[in-house]
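Everything below concerns the one structure shown next.
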Amino acid sequence: MSIKYPANPSLGSKVQAFPKTQYNKIVEIIDNINNGIVVNVSKNLSATSTTFAGTLTVLSYGVNVFTTVTSTNYAAKLPQPTTGKSVRVVNMTSTILVLYPSNIGGQINNYPINVPAQIPPDGRSYEFVCIENPLPGAWTWSSPATTQYDSGVITANTTSATKILMAANAANVIERTGFTSSSGWGYDGKNLSLIQIGGTEVCFKEAIRWSGITKVKVYTNLSASGVPAIFGLTSGGTTTYYDPADTTSTGIITSGSGGAGNYGGTSYYGGCDQAIAGTAIPPGTLATNIGDAGTQWGEFNIIGGSSAAGSSVGDAFLGNVPNTFYPTPLTLDKWISNYLSFGIKSNYILTGFKFQFFIEHF
């Protein structure tokens, strides 16, 4: 059976005839173009585990909305690959979602095999398109732009090979006995300075909140012939509730949940295990400048957020919420503040140790 539809003016008085099934298909395509194609939306998803070795949440084709991502369960993986099909993912939490390829041996963009993508907690939709099947599959996506925090060149002395230098920049650096963090860093954080230094701790944030961190690079003036320096990030933060009529320090009603810990999921520290090309210098000695020939440097790819305080750094307003603590006021303004600290252990007693770190973040 065939049906007729109005003639195309460019063909004069001719009438075109098509089989009914083809005509219906054309109508369906036109409707999709005019009305948009409705895709499946999977809501209230939770991340599970942290690595390929664990039991991971598997995304579905369509839109996947994650509302639960934690410091101990922050990973998921893409569905079994079908070339040309796409997946969208939205992270509505406060912690980075780590998204692995579909299978061991799979690839995302031109990342190394098995290396995951990181979805920032910004509530935006990110699309992954399958570009290779059969297994293990390959995917491509447009990752969010990153910016860089530059500490500048820091010069300090170490009194022990086992002590840690904690720093934010050249003007804020101290020596202490180990890497540290505290949830107390974030108490009333919205009213505190961008850099806090006191006792044997230094922590910092920037005025614009970071959603997460992707990489840390460190350059030194220390010889690469000896023991590599070890470096890492720690984070601490907490929620603070304010009287809506007074969100200064005097308007604090109470504090809420918080946490502190190392930043970087299951791998916490990096090492300056790479050398600047050129003539080697004796172990434990210092060159004039960072980046001189024979000096050590390193980089650390961050996967996940802090082990206790989420992935963000800075201040965020979490809304006006009912006051469940005291009779008045009826509602409270809820804020969260997270601070970050950089630490490095040189493994030597040094005078004039220089280092500079760069943090890539979104």
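Structure above, values below:
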| item | result |
| --- | --- |
| Under Karplus coefficients 6.51, -1.76 and 1.60, residue-wise ³J(HN,Hα) of the range 326-343 in Hz, glycine/proline x | 9, x, 9, x, 5, 10, 10, 8, 9, 10, 10, 9, 10, 10, 10, 9, 9, x |
| Backbone N within the range 232-246 under 20 Å of label point (7 Å from F325 Cα along the Cβ vector) | 236-246 |
| Label-point separation, A277 to D150 (7 Å along Cα→Cβ), nm | 2.3 |
| Entry for semi-axes √(5λ) of the Cα gyration tensor in Å (calculated from the structure that is shown) out of (i) 49, 30, 17; (ii) 42, 22, 19; (iii) 29, 25, 22 | (i) |
| In order through the range 214-230: 3J(HN,Hα) via Karplus (6.51 cos²θ - 1.76 cosθ + 1.60), integer Hz, x for Gly, Pro | 10, 7, 10, 10, 9, 10, 9, 10, 8, 4, 7, 7, x, 6, x, 5, 10 |
| Centre separation in Å (Cα based) which lies between the range 148-179 and the range 229-270 | 21 |
| CD proxy at 222 nm, helix term only [per DSSP H run n ≥ 4: -39500 (n - 2.57); per residue of the chain; nearest 500] | -1500 deg cm²/dmol |
| Modelled FRET efficiency - R0 35 Å, F52 with R209, Cβ distances, 0.05 increments | 0.70 |
| Amide H partners (placed H, <5 Å) of R209, local residues excluded | D315 |
| Computed E for N103/S255 - FRET, C-beta separation, R0 30 angstrom, nearest 0.05 | 0.10 |
| Gyration tensor (alpha-carbon) shape descriptor, the range 147-361, a/c threshold 1.5 | prolate |
| Greater than 25 Å apart at Cα, pairs in K77/K190; K163/K217; K77/K205 | K77/K190; K77/K205 |
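Rule-based calculations on the coordinates, nothing more; no lab input. No experiment lies behind these values; they were computed from the predicted model shown. Cβ coordinates were reconstructed from backbone atoms using ideal geometry, including for glycine residues, and neighbour counts include every protein chain displayed.
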